[in-house]
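Quick notes on the structure that follows.
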Amino acid sequence: MNWNELLRLPTTLLAILTGVVVLLALVQWLAARQHIRHRRHLATAGHSLLLVVFLLVAALLGGMAMSLRGYRFLSEEEPVVQIDAHILSPQRWALTLTWPDGDTRNIMLDGDDFQVDAIVLKWKLPPMLAGLPPLYRLDRISGRYDDASQETTAPRTVIDFSQAGAGDLLDLKKQVPRWFPEVDTLFGSGAFLPLVDGGHYNVSLMRTGALVARPDEGTAQRIGRPLGG
């Protein structure tokens with residue numbers, strides 16, 4: 001992953017800020033030690049107070065970074081993942097997923113369609129007017145059957161992409177909503193398309209939070225081709 005991609009992760013920016021604040025706290029600690037040696041009690045107290053403040057700020061920033069693991073800043077239309085599909089047997093597929101930073105992953109999927117889901121975070125008015133963009137993280141990809149009755153009897157495939165783990169912002173917002181007054185909405189968005197052999201799909205996220213899946217021209221023609229055609 002290059003620096004352009006890394007700087008689109010709020011976790012990276014918060015980690016950098018945390019490091020800067022920790023360095024400031026270290027400066028205050030060294031200054032306090034120096035004043036202790038010279039018995040300058042008032043100056044020692046002042047630097048000690050600043051040390052505590054910087055440590056608290058660093059802990060807050062670090063906690064925010066942990067809660068935003070896996071989230072990215074959302075631009076006007078954000079490419080999320082490219083999907084290439086190859087059929088193995090009826091309703092059994094091999095998919096290659098390619099992320100914008102070039103990372104790839106191969107998975108097996110059961111069903112007639114693929115469905116991609118994302119988590120989107122939007123801010124209330126003050127941060128929004130300040131230009132803070134929405135955040136998103138890719139949540140999962142799953143198989144989907146055209147026949148609804150198969151959903152309860154046929155094999156189901158769900159691949160979890162969540163990088164958040166414990167302390168995710170989604171869980172924290174549900175448990176203690178008062179801690180996050182500037183978060184306007186935190187919701188899921190999904191899109192699905194039929195799978196065809198040799199299909200190539202681009203999945204993007206709009207600034208509105210809508211997830212959009214688009215086949216390339218050849219794939220669209222195969223999707224629209226009648227059975228046996």
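Scanning the stretch 48-88 for residues that are within 30 Å of Gly199 (Cα to Cα) and of a type in the set (S, T, N, Q), which turns out modelled with the highest pLDDT? Within the stretch 48-88, the match that is modelled with the highest pLDDT is Gln82. For beta carbons closer than 8 Å, sequence separation of 6+ or different chains, a first residue in the stretch 194-207 that is part of a strand (DSSP E or B) and a second that is of a type in the set (Ser, Thr, Tyr) and at pLDDT below 95, the qualifying pairs are His200/Thr219; Tyr201/Thr219; Leu205/Tyr136; Leu205/Ser189. For Gly218, indicate whether it is at pLDDT below 60 and out of contact with any Asp or Glu (no Cβ under 8 Å at 6 or more places or on another chain). The answer is no for Gly218.
The values are calculated or read from the model by the stated rules, or taken from the named source; none is laboratory data. Everything quoted here is computed from the prediction, not taken from an experiment. Virtual Cβ from ideal backbone geometry, glycine too; neighbours counted across all protein chains shown.
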